[in-house]
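Q: Can you keep this structure in mind? I'll have questions shortly.
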Amino acid sequence: MDLSYSPEEIAFRDEVRAFLDAKLPKEMSDVIRAGGELGKEGHDRWHAILNEQGWLAPNWPKEFGGAEWNAVQRHIFEEECAAAYAPRIVPFGLSMLAPVLQKFGSKEQQDHYLPRILSGEDWWCQGYSEPGAGSDLASLKTKAVRDGDHYIVNGQKTWTTLGQYANWIFCLVRTDPEAKQQEGISFLLIDMNTPGIEVRPIILLDGTHEVNEVWFTDVKVPVENLVGEENKGWTYAKYLLTHERTNIAGVGFSQAGLNAVKRMAKAEKHKGKPLIENPHFAARVAQVEIDLMAMSTTNLRIISKAAVGQAPGVEASMLKVKGTIIRQEINDLARRAAGPYAMPFASEAVEGDNMPVGPDYAGPVAAQYFNNRKLSIFGGSNEIQRGIIAKTMLAGG
Amino acid sequence: MNFDLTEERQMLQDTLRRFLRDRYTTETRNTIIDSEAGLSAEIWGELAELGVLGALFSEDQGGFGGAGFDIAVVFEELGRAGVVEPVLDTALICGGLLTELGDDDQRQLVEELIGGALHLALAHSEPGSRYDLDAVETQIVQNGSDIVLNGRKAVVVNAEAADHLIVSAREAGGLSLFVVPSGTAGVSLRGYPMLAGGRAAEVMLDDVQLPESARLGAGGRALSALEAVIARANVALAAEALGAMETATALTREYLLTRKQFGRPIGTFQALQHRMADLLIEMEQARSAVINAAGYLETDQRDKQIASARNLIGRAGRLVAEEAIQLHGGIAMTQEYELAHIAKRIVMTDHRFGDTDYHLERFIELSAA
Ligand SMILES: Cc1cc2nc3c(=O)[nH]c(=O)nc-3n(C[C@H](O)[C@H](O)[C@H](O)COP(=O)(O)OP(=O)(O)OC[C@H]3O[C@@H](n4cnc5c(N)ncnc54)[C@H](O)[C@@H]3O)c2cc1C
Ligand SMILES: Cc1cc2nc3c(=O)[nH]c(=O)nc-3n(C[C@H](O)[C@H](O)[C@H](O)COP(=O)(O)OP(=O)(O)OC[C@H]3O[C@@H](n4cnc5c(N)ncnc54)[C@H](O)[C@@H]3O)c2cc1C
């Protein structure tokens, strides 16, 4: 057993650091460090910088223009990016749809869509969930009826993250209403500019607009936009989910969040002393840090298995549950550290050329705490993950 | 032992609950939150008319209540409906300070307040004071018969709507309070909405000149009155959180019974049933904590009981808010759904007059004494 990175891995890490040092725009990392979000333009810009470096698609095979890094390299990259407050890479095209197209898509689809994902020409969003189909995704109802060389799509998707920026959506649709639930589903690529599509914003509890409802009324979709075979969509959807769960532990995010909490707790004074010296607060911080140290190693243990080709199974679920609990706990600590200055509504108190309200770190923390309640809900809720974990032990699964 | 409400309080509770259910709908409240003022003058008038403000004062103060359980009844209902109007700041805190310390003229303001004609705000916390009541750096200098104030106050809830601010400052080694009419030269505000509704402001005090008559009570001697009033505010906050927790629990119960996934109501999954059971247990504990805080308010156990209640409510409140969101799934994350606002109210009460950790430390200190 050797807990240190190999010389090659260290060299790789140094290369990543040097790149981030040179190429990550400071005004961008400032926004992320302050808990802000980039708009579409900001995302596009970072996307282009990574693409130029050839690092935009670490998980893609070289033949499609990817970096083909192994799991340890990807982990190092993600960790360094989080530490440098680089923007999160929007995953829908790059790490969700692309692997599906690479494995199940036609040659035409691969040739057409993959380069456009890299160039940033297309912004994809994920049309899985529906109002009645959340955890029970297979009960989805959005219908696609074959009519000559088109499908006619009717229905509603919801929780579509950043759908307001997207020009394409990959959808699960029901193509055989008679078949058993999971057998009548197809995987369809839909141009958001097709007549009959309406995107309606959903405002989340912290005032942000990051998700949407997407309505389909008699939307005509060419049959060549079907991925793989009709009614086999569930297989592709499940394959996509295994990719959705990469970097699921979010160790880098947690580490950056914990560092931020410590910085805040050094600046905040409690009875004349820094809050970090308050034994109760310090104990809470220490406990999360202890959890994070262990999870970081759990994560690496699983990653190094994956690096030699063993697919993570139930471990991904474990990382999801523990990783989200730790991140949410860190968000809670940040909220507490801010004290009364957690109360202002960030987007209006922090923004504009008005006088700032409170220390700059305090503004967004309560909003982030509430927003990150989503971590344990989406991508398969923590209850669903616990169900998966238990099943492997108890039902011989 | 008798844990029933008196007839008067039962009536107050019923009336207020009915009023808020009919008048203070989610839609109405969201409109109020989005408005420039951040509060509704109309609702305020109606609350005054119902006697909600009067219930927070004793008869000799011009009200008809004023005890711990009156506070608890009123604020539990306000919490249940997620009310953002500043009953706490105008009536309980500032009204309380005026009745504790005010001379005849200053007490006149209480009458106006109870009638609904007046708004007030306590400008006490400062950028570096966190939750410590005695951490005040704002200074006065005596300039002949005038007083000159300089300093900065942080997150002053209801400052923009207030007709008068009650401002704390340091003098002669102690704490003093002053009644400062809004618009007094040298007072400037930077207002903003708060995450859980309502508005607050940073208050800048630059050479604010006040007559001697602005002083509330004796110079340098205001801390113990302030502590007494903040103790009442803590009962209110605990009760408000409890009311909000009840709404969160009720909404969750309803959702578990109606939301179907995998062909059955999600409330049939034992994993969720047990979580719900834990919420119900914590709710009962929270109710007892509020009863303790309210019931011991006028005794020498006051501070310990309050620290205990706010610590417990802080923990239980976080659990209830987070679990209610989790058990709802995505829908609870949307701004327009009732629970989102209620969950924010619960969690954000923790940022007023001491959070869970602060009250834990208070409890430890008071237990050692
Ligand atoms: C911010 C945000 C962004 C999202 N982005 C996207 C996106 O881009 N694209 C997309 O398609 N979807 C997206 N989603 C949807 C997300 O995947 C769903 O919210 C998630 O699958 C849960 O579904 P639900 O919200 O309908 O909750 P429900 O499935 O109704 O669950 C409610 C509660 O019941 C529990 N539960 C359900 N079934 C069981 C069971 N069998 N056993 C025990 N407990 C159970 C759940 O864990 C939860 O606590 C997003 C959601 C959010 C909140
Ligand atoms: C110290 C001691 C003193 C006792 N004294 C007496 C006595 O004086 N007289 C007497 O008659 N009995 C007595 N008991 C027995 C006691 O009542 C039983 O132990 C108890 O009813 C649990 O039964 P069990 O031990 O068979 O566990 P089981 O019933 O086998 O339960 C095993 C586990 O499964 C869980 N479980 C079972 N059913 C469910 C379900 N439907 N849903 C979720 N979880 C479930 C249980 O909670 C437990 O965690 C005593 C037991 C102890 C340990």
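The values are calculated or read from the model by the stated rules, or taken from the named source; none is laboratory data. Nothing here was measured: the structure is a model prediction, and the numbers come from that model. All Cβ positions, even for glycine, are placed from backbone atoms using ideal geometry, and neighbour counts span all protein chains on display. We work out accessible area using only protein heavy atoms, side chains counted, and drop any ligands, DNA or RNA first. Shrake-Rupley method; radii C 1.70, N 1.55, O 1.52, S 1.80 Å.
Q: Relative to the isolated chain, which residues of segment A:360-397 have their accessible area cut by 50 Å² or more in the presence of all protein chains (1.4 Å probe, heavy atoms, no ligands or nucleic acids)?
A: Going by heavy-atom accessible area, the residues of segment A:360-397 that drop by at least 50 Å² are A:PHE370, A:ARG373, A:ILE377, A:GLU383.
Q: What average number of partner chain Cβ atoms lie no more than 10 Å from the Cβ of the residues making up B:351-357?
A: If you average over the peptide's residues, the count of other-chain Cβ atoms is 4.
Q: Further question on the same structure: On the protein heavy atoms, probe 1.4 angstrom, tell me the percent of accessible surface of segment B:93-186 carried by carbon and sulfur. Could the numbers behind the result be given before it?
A: Details: 1550 of 3460 Å².
C and S atoms contribute 45 percent here.
Q: Something else: Spelling out what I want: for every residue of segment B:198-204, take phi, set θ = phi - 60°, compute 6.51 cos²θ - 1.76 cosθ + 1.60 (Karplus), and round to whole Hz; glycine and proline get x.
A: x, 10, 9, 8, 8, 10, 9
Q: Same structure, new question: Return the long-range amide H neighbours of B:ARG221 (sequence gap of 5 or more, or a different chain), with a cut-off of under 5 Å between placed amide H atoms.
A: Residues meeting the criterion, in which the H sits 1.01 Å from N, are B:LEU175.
Q: Taking amide hydrogens as modeled 1.01 Å from N in the peptide plane, which residues meet the under 5 Å criterion relative to B:GLN139, leaving out close sequence neighbours?
A: B:ASN150, B:ARG170
Q: Hey, another quick one. Rounded to the nearest Å, what's the spacing between the alpha carbon centres of segment B:220-263 and segment A:185-264? Just the number, please.
A: 35
Q: With contacts defined as alpha carbon pairs under 8 Å and 6 or more residues apart, what's the relative contact order of chain B in percent?
A: About 16 percent, as a whole number.
Q: Between the alpha-carbon centers of segment B:1-72 and segment A:74-141, tell me the distance in whole angstrom.
A: That distance is 51 Å.
Q: Counting only other chains, and only Cβ atoms inside 10 Å, what mean value do you get across the residues of A:332-338?
A: Per residue, the number of nearby Cβ atoms from other chains is 3 on average.
Q: Let me ask something else. Leaving out ligands and nucleic acids, note down the accessible area per residue over the protein assembly as shown with a 1.4 angstrom probe, in whole Å².
A: 43
Q: For the pairs A:LYS374/B:LYS260; A:LYS262/A:LYS320; A:LYS107/A:LYS157; A:LYS23/A:LYS232; A:LYS40/A:LYS269, flag any whose C-alpha to C-alpha distance is greater than 31 Å.
A: A:LYS23/A:LYS232; A:LYS40/A:LYS269, as the Cα separations exceed 31 Å there.
Q: Please give the total accessible area that chains B and A bury against each other, computed with a 1.4 Å probe and expressed in Å² to the nearest 100.
A: About 4500 Å² of accessible surface is lost on pairing.
Q: Next question. Buried by at least 20 Å² relative to the chain on its own: which residues of segment A:191-213 qualify, computing accessible area with a 1.4 Å probe on protein heavy atoms?
A: In segment A:191-213, residues shielded by partner chains: A:ILE203, A:LEU204, A:LEU205.
Q: Determine by what factor the alpha-carbon radius of gyration of chain B differs from 2.2 N^0.38 Å, reporting the quotient.
A: 1.00
Q: Still on this structure, please answer the following. What is the sum of charges around B:GLY186, taking Lys and Arg as +1, Asp and Glu as -1, for the other residues whose C-beta is under 15 Å from the C-beta of B:GLY186?
A: On the way: positive: B:ARG152, B:LYS153, B:ARG190; negative: B:ASP146, B:GLU202, B:ASP206, B:ASP207.
Charge balance near B:GLY186 sits at -1.
Q: Let me ask something else. Report relative contact order for segment A:52-118 in percent, whole number only (criteria: Cα-Cα under 8 Å, sequence separation at least 6).
A: Relative contact order, segment A:52-118: 25 percent.
Q: Now for a different question. In percent, how large is the relative contact order of segment A:1-109, given Cα pairs closer than 8 Å and 6 or more residues apart?
A: Reported relative contact order: 27 percent.
Q: Here's something else I'd like to know. Within 10 Å of each Cβ in peptide A:130-138, how many partner chain Cβ atoms are there on average? Round it to a whole number, please. Could you put the intermediate results ahead of the total?
A: Values: counts 0, 2, 3, 1, 6, 6, 6, 1, 1.
Partner Cβ neighbours, averaged per residue: 3.
Q: Something else now. What part of the accessible area of chain A, given as a whole %, is carbon or sulfur when the probe is 1.4 angstrom?
A: Heavy-atom surface of chain A belonging to carbon and sulfur, 1.4 Å probe: 53 percent.
Q: Karplus couplings for segment B:22-38 from phi (6.51 cos²θ - 1.76 cosθ + 1.60, θ = phi - 60°), rounded to Hz, Gly and Pro as x?
A: Listing the rounded values in order: 7, 9, 9, 6, 3, 5, 4, 5, 5, 5, 4, 4, 6, 6, 4, 6, x Hz.
Q: How large, in percent, is the carbon and sulfur part of the accessible surface of segment B:303-369 at a probe radius of 1.4 Å? Intermediate results must be reported in sequence, preceding the final value.
A: On the way: 1130 of 2080 Å².
The value for segment B:303-369 is 54 percent carbon and sulfur by accessible area.
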